[in-house]
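The values are calculated or read from the model by the stated rules, or taken from the named source; none is laboratory data. Computed from a predicted structure; not experimentally measured. Here the Cβ positions follow ideal geometry from the backbone for every residue, glycine too, while neighbour counts run over all protein chains shown. Ligands, DNA and RNA are excluded from the accessible area calculation, which covers all protein heavy atoms including side chains. Shrake-Rupley method; radii C 1.70, N 1.55, O 1.52, S 1.80 Å.
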Amino acid sequence: MKKFVLAALVALCMVLPTFATASWKHGDNESAYSYKSAVIYRILETKDAYVVKYAKAGLAIGQVVVPKQWLKDRPCQLNVRFLPRQLTPYITVIKKDGSFYKVVLNIPEDKNDHIWGVLKYGSKISAEGVESVELEE
């Protein structure tokens, strides 16, 4: 008898959470914001933009151009947060209702860090016309 009661109690504890999640449809646990983050390998600086090389799925490397003007615009579309040297730098792209909202660069402040670089003179990368940033998979 004790084994039966114990087995029924264990079965009830395992089945009960499935009903709890299915009945939670209040809508207050949903957000208009979503985000995607990636590890940064390198940041190349130009006079008007940051060229960010980041990790994609597998061994691939992606690249995005982030205009420096976004730091001055209101509402601000670029946030730069400085990390301690021990932490891995990363980029976060935030979307609001499925469209681009903001970029957050979490990077070391020290420009002598290995992650920082300067784009080669004569490169054809420009921040003109950049209106959003998408991180590819």
Point to revise | Residue that is surrounded by the fewest Cβ atoms within 10 Å (Cβ to Cβ) [pool: residues in segment 84-96 that are over 17 Å from LYS53 (Cβ atoms) and under 16 Å from the mean Cα position of the chain (by Cα)] | key: LEU87
Practice item. Specify the residue that is farthest from the chain's Cα centre (by Cα); the eligible residues are those in segment 31-51 that are small (Gly, Ala, Ser) and open to solvent by less than 30 Å² (accessible area, probe 1.4 Å). Key: ALA49
Review point. Which of (1) over 28 Å from GLU131 (Cβ atoms); (2) part of a loop (DSSP other than H, G, I, E, B) does CYS76 not meet, given it meets every other one?
Key: (1)
Review point. Looking at segment 115-124, which of the residues that are within 21 Å of ALA60 (Cβ to Cβ) and within 23 Å of the chain's Cα centre (by Cα) is surrounded by the fewest Cβ atoms within 10 Å (Cβ to Cβ)?
Key: GLY117
Practice item. Examine segment 52-72 for a residue that is aliphatic (A, V, I, L, M), under 16 Å from GLU131 (Cα atoms) and surrounded by fewer than 18 Cβ atoms within 10 Å (Cβ to Cβ), and state whether such a residue exists. Key: yes
Revision key, fill the gap. Among the residues of segment 48-68, the number that are in contact (Cβ under 8 Å) with a residue 60 or more places away in the chain, of a type outside the set (Gly, Ala, Ser) and part of a strand (DSSP E or B) is 6
Review point. If a residue has to be open to solvent by less than 80 Å² (accessible area, probe 1.4 Å), assigned to a strand (DSSP E or B) and more than 16 Å from TYR41 (Cα to Cα) to count, how many in segment 97-114 make the cut?
Key: 4
Exercise for review: Could you look through segment 73-83, keep only residues that are open to solvent by 60 Å² or more (accessible area, probe 1.4 Å) and modelled with pLDDT under 90, and pick out the one that is nearest to the chain's Cα centre (by Cα)?
Suggested key: PRO75
Review point. Do we find that LEU16 is open to solvent by 70 Å² or more (accessible area, probe 1.4 Å), at pLDDT below 90 and either under 30 Å from ASN112 (Cα atoms) or in contact with a His (Cβ under 6 Å, 6 or more places away or on another chain) (or both) in this structure?
Key: no
